[in-house]
1. If the cut-off is 16 Å between C-alpha atoms, which aspartates and glutamates fall inside it for residue 152, apart from same-chain ones fewer than 8 positions away?
2. Tell me the angle of helix 61-86 to the major Cα principal axis of the chain, expressed in degrees between 0 and 90 and rounded to the nearest ten.
3. Quick check: the angle from helix 10-25's long axis to the longest principal axis of the chain, C-alpha only, nearest 10 degrees?
4. Out of every Cα pair in the stretch 54-112, what percent are spaced more than 12 Å from each other?
5. Tell me, what % of the accessible area of the chain is carbon and sulfur with a 1.4 angstrom probe?
6. Which pairs, out of 60/190; 105/143; 60/105; 87/125; 113/138; 60/187, put more than 30 Å between their alpha-carbon atoms?
7. Mind sorting out which of (1) 1.82; (2) 0.98; (3) 1.55 is the real Cα Rg over 2.2 N^0.38 Å computed from the coordinates?
8. For the chain, with a Gaussian network of springs between Cα atoms less than 10 Å apart, report the residue from 43, 126, 139 with the top mean-square fluctuation.
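The values are calculated or read from the model by the stated rules, or taken from the named source; none is laboratory data. These figures come from a predicted structure and were not determined experimentally. Ideal geometry is used to build each Cβ from the backbone, glycine not excepted, and the neighbour counts take in all protein chains shown. Heads up: the accessible areas ignore ligands, DNA and RNA and are worked out on the full protein's heavy atoms, side chains in. Shrake-Rupley method; radii C 1.70, N 1.55, O 1.52, S 1.80 Å.
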Amino acid sequence: MKITLSRLSTKDLATLAQRTINVSESGTYAVITAHPLLADLKLKYTDYDAVYAKQIYSGKGDSVAQADKERDDAFSNLKGFLNGYRKLSSVANQQSAEDLYQIFKLFGLELYKLSYSSQTAQMKKLIEELEKPENSQKLNDLKIMAAFDDMKTKQTDFETLFAEQASANADLRNQKSASGIRKDLEKSLKSFLT
């Protein structure tokens, strides 16, 4: 009798193995209750059961995207304020706004279009530049230090979530896959069923 288990889906194979184990342990068939093939099948099924329904991704993508949107908004709002203020030649500290806007220009006015990692690198450099004493003074003169601090916080929050996502995804990739251990379970089931 030829048994072909490769046509079963991942979940159907798990169900077949579980049912085989349950029937074997029911006590109805005393001869197989303590059989070595049953012990092997249980061992293989335990490994398979742990991974056949595992997540592929961490599920943190929506949180990371939301954190990215929040940092984009904080960046855009501060940039927009500076752009508008620098155009008002009759107001105090107009030159400070111009100087700070030029720093934004240096690191990119459309950072939100970059990949997460590229945007993060550019934002870090922008923040470092804006934190220099002469630029901090200009932020204070314009009374926008709170907006700058908000942008920094949003950047830090994004970096934290992004690192968590990367770590969680790496952990998932390091787990065995169901397809990688499927053959062992199929072999055990075939041995047991024939």
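1. The qualifying aspartates and glutamates are 68, 70, 72, 73, 128, 129, 131.
2. The angle comes out at about 10 degrees.
3. Result, in degrees: 40.
4. In whole percent, the long-distance tail amounts to 71.
5. That fraction is 52 percent.
6. 60/190; 60/105; 60/187
7. Among (1) 1.82; (2) 0.98; (3) 1.55, the one calculated here is (1).
8. Most flexible of the set in this elastic network: 43.
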